[in-house]
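Some notes on the structure that comes next.
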Amino acid sequence: MKKYKNTLTIRGLDDRIIERLKARARTKGRSLEADLRDLLTHTSRQPLVVDALAEADRIAAMTSGDR
């Protein structure tokens, strides 16, 4: 198993949110920490909407003179 040096602290979460996250992790047989690590890792790999919009603008700029 890899050893990670970084720690992330999130303050000010409502207790109801924490309980829902714990329940979500339990349904998968995982710890809250493991489930949140997986969720954050997965989410961080998703493309940002602004990246897609910038690409669409770039393509539109290349084709706008063709009409």
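Laboratory data are not the source of any read-out in this text; all were calculated from the coordinates shown. Treat the numbers as computed from the prediction; the structure is a model and nothing was measured. We place every Cβ from the backbone using ideal geometry, glycine too, and count neighbours over all the protein chains shown.
The chain holds helices (runs of 4 or more DSSP H) entirely within its bounds, and those carrying 2 or more residues that are of a type in the set (Lys, Arg) map to 15-27. Evaluation of Arg30 against the conditions (1) more than 17 Å from the chain's Cα centre (by Cα); (2) surrounded by fewer than 10 Cβ atoms within 10 Å (Cβ to Cβ) shows that the sole unmet condition is (2). Close contacts from the range 30-59, counting a first residue that is farther than 26 Å from Arg20 by Cα and a second that is basic (Lys, Arg) and surrounded by 10 or more Cβ atoms within 10 Å (Cβ to Cβ), with Cβ to Cβ under 6 Å and a gap of 6+ residues or different chains, come to none at all.
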